[in-house]
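Since the structure comes first, as structure tokens, the remarks are kept for the end.
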Amino acid sequence: MTDLVPTTCMRCAVGCGHVQQAPDRGYGLDTVRGDAGHPVNQGLACQRGVSETANPDGEWLTRPLVREDGDLVPTTWESAVERAAEGLEAALEGGDDGVAVLGSGQQTNEAAYALGKLARGGFGAPYYDANTTLCMASAVTAYYDAFGSDAPPPTYDDIPEAESHVVWGANPAAAHPVMFRWIRQSADADDSELIVVDPVHSETAEAADHHVPLEPGADLALARAVLSRVVETGRVDREFVDEATVGFEACSDELPDAAEAAEMAGVSLADVDKLAEALSDPTLLYWGMGINQSVNGTAAAGALIDLCLATGNLRPGSGPFSLTGQANSMGTRVCSSKGSWPGHRPFGDPAHRREVAETWDVPVSRFPDDPGPGPVGIVDAVGDDVEAVYAVATNPVAGMPDATRVRETFEDAFLVVQDAFRSETVEYADVVLPAATWGESEGTTTNMERTVSRVRAATETPPGVKTDLELIGLLADRLVPDLFDDPLEPASVFAEFVGLTEGTPADLSGISYDRLEEETAVRWPAPEPDVSGGYRYYEGPDADERDGAADDLDESWSFYTPSGRAEFSTGEARPLPEPTDESYPFTLTTARRPDAYNTGVRTREDEPPTARVSPATAAAFADEFESRVETADEGDERYARVVSRRSSVMARVEVDEAIPDGVVWLSIHHPAVNDLTLPAVDPRSNEPNFKQCAVRLEPPRDRDVAAVAEASA
């Protein structure tokens with residue numbers, strides 16, 4: 001009987017501990033369950049994290065592939081790596097900008113650090129980013145604006161202490177089930193409540209005490225309306241604002257009339273007052289992709305932080321808590337050299353650049369001047385500056401906005417894809433490098449509350465599969481000899497990475513593999529071997545000690561901003577890039593399903609995506625649909641084409657009262673959906689505006705009906 005191996009689930013960013021067990025014979029995982037000894041989840045685990053780890057759908061990659069005469073064919077490892085190296089080297093001959101590198105929030109810290117070192121220190125690549133920018137960049141930018149440092153101030157320890165839980169533009173019931181259980185348990189207490197702000201009556205809204213159904217894209221207007229009412233009704237924590245912040249007066253001077261802003265957001269003034277009142281109690285304000293994935297993402301995230309600052313909700317049991325989607329998005333932000341150097345060192349700071357260059361033993365002149373244009377900008381550069389793309393554990397052909405354009409662009413580039421599954425991006429690759437996945441790799445990961453824990457291999461890999469670290473090392477050996485020690489080992493890579501974070505805002509230098517073996521998980525900042533981080537920026541009594549205490553508590557705050565204080569924002573709303581009109585009268589929004597994984601590589605479905613619409617929206621088109629759908633019906637199913645200015649997608653229509661009138665809801669997990677979305681980005685964070693674009697519904701075409709009928713026969 002094989003041993004149970006403790007590890008960390010890589011499904012989402014909650015960071016639950018798992019125990020995994022390999023079968024007695026062969027490869028794979030026979031047993032996956034929650035680890036009762038892990039301090040994060042103490043044995044809890046969601047079913048999807050278990051099932052997608054043990055029994056993922058999708059086609060596994062088990063042998064390296066190269067393109068010959070237009071087809072991907074199996075080859076040897078030596079041939080595949082040599083072909084990949086030759087293509088990347090040829091692109092680099094034209095300059096450092098010849099190769100673009102795309103990483104992932106699904107990599108371990110060690111793999112993300114090594115990929116960043118290769119991209120920045122080996123290639124000198126200005127075109128390097130990760131799919132974490134597609135979901136978290138606006139929150140990151142807002143945190144830097146307010147606090148001078150990235151990552152949420154609160155931790156999971158604060159959830160039981162909060163009295164108000166405000167979930168804004170997120171659906172943790174679907175995206176983070178274990179964390180949502182903690183939120184709901186806290187909100188169920190007699191003196192607590194859960195308020196959800198979302199255009200859709202989501203699974204989280206279904207469990208809430210109050211749902212605020214704002215107009216899609218109106219988050220900034222609503223947040224400013226709430227702050228306006230906080231000011232008008234005397235709910236500002238003046239002592240905190242005066243002692244620990246700057247910029248409140250400038251922010252206040254630009255606040256709109258609350259009633260007018262509420263009307264703009266499509267909500268009642270009573271809803272605004274409900275939110276303002278909730279913030280008078282210790283409040284955790286959570287947000288997710290509904291805020292971030294917008295041309296106003298940074299401004300809206302900043303406005304939510306402003307609400308916490310104005311009401312003094314920057315103490316244990318309260319605060320702004322961005323909900324991270326991918327398992328190691330937080331770790332990627334700390335270690336990958338994507339938007340900052342390891343430890344959140346400022347990218348343009350000469351002293352930090354020199355220290356990183358000295359550690360890597362490369363000339364500082366090799367580093368690009370800025371972090372780059374983001375994933376959408378990288379796609380724009382392919383065929384111009386960029387001649388080759390190296391994509392690791394990411395599926396941009398399905399996950400990027402305006403995906404049709406991404407496919408067309410990649411057809412003209414030399415493309416190396418490193419992944420565990422045969423994704424849509426693989427189909428455009430010139431070289432495919434099969435990589436190990438969950439349960440097969442060694443390393444560490446960092447969850448959304450800054451906790452680092454081990455990832456361990458419970459099973460061997462087939463001979464045609466290598467780990468991300470091995471593959472990065474093989475390419476580096478051919479392209480940038482001596483950049484890495486040979487071979488790359490997770491423990492030594494981790495030691496180098498955490499050493500570079502010493503003395504930085506994200507200091508992990510007190511964490512080692514030995515410490516993680518002993519303690520299981522450690523939260524940063526951890527500058528010493530016996531220190532683990534808690535609530536950030538605050539010095540004073542914890543929530544229990546403050547409860548019922550006198551007003552003259554000994555509290556203080558310090559931040560990494562130039563002023564040493566938290567800074568209010570004054571971001572202005574930009575118009576939505578694609579409003580509805582007569583030709584495209586509906587707003588498409590995209591969101592997560594509880595039973596589906598990212599771009600679907602672990603939860604494959606062959607059927608068209610499901611478009612959820614309100615009864616009124618469905619009724620408006622019922623007569624058109626009936627005559628064309630009847631032959632394709634399985635029971636009462638209806639189909640339509642969802643059409644945007646970029647493409648059209650066949651979809652099954654589901655009538656759902658949870659969806660507001662005029663909105664078409666599609667899952668992010670179906671690979672066809674991003675054919676519809678537009679590549680407009682937040683000007684500060686480079687995060688795309690996934691959440692709103694204009695669409696119309698059309699009757700399905702004859703060939704659509706025939707295809708559905710054949711599939712359902």
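Data table
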item	result
Residue satisfying condition, being under 26 Å from the mean Cα position of the chain (by Cα) and part of a strand (DSSP E or B), within set Thr590, Thr570	Thr590
Number of the condition not met by Ser614 [criteria: (1) open to solvent by less than 30 Å² (accessible area, probe 1.4 Å); (2) modelled with pLDDT under 95]	(2)
Residue tally, condition in contact (Cβ under 8 Å) with a residue 12 or more places away in the chain and touching a strand residue (DSSP E or B) at 6+ places or on another chain (Cβ under 9 Å), over region 181-203	15
Breaking point among (1) assigned to a loop (DSSP other than H, G, I, E, B); (2) within 28 Å of Asn109 (Cα to Cα), for Gly290	(1)
Selection status of Ala526, more than 30 Å from Gln418 (Cβ to Cβ) and among the hydrophobic types (A, V, I, L, M, F, W, C)	yes
Matching residues, region 481-521, being charged (D, E, K, R) and in a loop (DSSP other than H, G, I, E, B)	Asp482, Asp485, Asp486, Glu489, Glu502, Asp507
Test for Asp150: is it open to solvent by 10 Å² or more (accessible area, probe 1.4 Å) and either more than 18 Å from Tyr113 (Cα to Cα) or touching a residue at least 40 places away in the same chain (Cβ under 8 Å) (or both)	no
Top-ranked residue of region 311-324 - restricted to ones that are open to solvent by less than 10 Å² (accessible area, probe 1.4 Å) and not in a strand (DSSP E or B), ranked as farthest from Asp507 (Cα to Cα)	Gly312
Selection status of Gly302, modelled with pLDDT of 95 or more, on the phi > 0 side of the Ramachandran plot and outside any strand (DSSP E or B)	no
Region 374-408 - residue that is of a type in the set (Ser, Thr, Tyr) and crowded, with 18+ Cβ neighbours inside 10 Å and, of those, farthest from Cys135 (Cα to Cα)	Tyr390
Members of region 288-306 that are of a type in the set (A, V, I, L, M, F, W, C) and over 17 Å from the mean Cα position of the chain (by Cα)	Ala299, Ala303, Leu304, Ile305
Inter-residue pairs, beta-carbon under 9 Å, first among the charged types (D, E, K, R) and in region 605-626, second open to solvent by 40 Å² or more (accessible area, probe 1.4 Å) and at pLDDT 75 or above, 6+ apart	Glu605/Asp57; Glu607/Arg652; Arg612/Glu654; Arg612/Val655; Glu624/Glu698; Glu626/Arg638
Residue ranges of helices (runs of 4 or more DSSP H) in region 172-284 with at least 3 members touching a His at 6+ places or on another chain (Cβ under 8 Å), more than 30 Å from Val50 (Cβ to Cβ) and open to solvent by 30 Å² or more (accessible area, probe 1.4 Å)	none
Residue list for region 336-373, restricted to those being under 24 Å from Trp524 (Cα atoms), out of contact with any Pro (no Cβ under 8 Å at 6 or more places or on another chain), of a type in the set (A, V, I, L, M, F, W, C) and crowded, with 16+ Cβ neighbours inside 10 Å	Trp341, Trp360
Hits in region 496-530 - residues which are out of contact with any helix residue (DSSP H, G or I) (no Cβ under 8 Å at 6 or more places or on another chain) and open to solvent by 50 Å² or more (accessible area, probe 1.4 Å)	Glu502, Gly503, Asp514, Glu517, Glu518, Glu519, Pro527, Glu528, Asp530
Members of region 617-645 that are small (Gly, Ala, Ser) and either touching a strand residue (DSSP E or B) at 6+ places or on another chain (Cβ under 7 Å) or modelled with pLDDT under 60 (or both)	Ala618, Ser627, Ala632, Gly635, Ala640, Ser644
Single residue of Glu239, Glu206, Glu254 found to be out of contact with any Pro (no Cβ under 9 Å at 6 or more places or on another chain), within 21 Å of His165 (Cα to Cα) and touching a residue at least 12 places away in the same chain (Cβ under 8 Å)	Glu206
Test result for Tyr584, aromatic (Phe, Trp, Tyr), touching a residue at least 40 places away in the same chain (Cβ under 8 Å), over 30 Å from Pro56 (Cβ atoms) and assigned to a loop (DSSP other than H, G, I, E, B)	yes
Checking Gly87 against (1) closer than 18 Å to Leu471 by Cβ; (2) within 15 Å of the chain's Cα centre (by Cα), the condition it does not meet	(2)
Qualifying positions in region 646-699 - of a type in the set (Ser, Thr, Tyr) and touching a strand residue (DSSP E or B) at 6+ places or on another chain (Cβ under 9 Å)	Ser648, Ser667, Thr677
Which numbered condition Gly473 fails, given (1) at pLDDT below 95; (2) under 28 Å from Gly124 (Cβ atoms); (3) not hydrophobic (A, V, I, L, M, F, W, C)	(1)
Qualifying positions in region 147-159 - under 20 Å from the mean Cα position of the chain (by Cα) and in a helix (DSSP H, G or I)	Tyr156
First in region 313-326 and more than 30 Å from Gly399 (Cα to Cα), second anywhere and assigned to a loop (DSSP other than H, G, I, E, B) and at pLDDT below 95, Cβ under 7 Å, 6 or more apart	Pro316/Asp542
Residues within region 471-495 that are out of contact with any Phe, Trp or Tyr (no Cβ under 9 Å at 6 or more places or on another chain) and buried (at least 18 other Cβ atoms within 10 Å of the Cβ), tallied	3
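The values are calculated or read from the model by the stated rules, or taken from the named source; none is laboratory data. Bear in mind the structure is a predicted one, so any value in this text is a computation, not a measurement. Positions of Cβ are generated from backbone atoms using ideal geometry, with glycine treated the same way; all protein chains shown enter the neighbour counts. The protein model used for the area step is the full one, side chains on, heavy atoms only, and it has no ligands, DNA or RNA in it. Shrake-Rupley method; radii C 1.70, N 1.55, O 1.52, S 1.80 Å.
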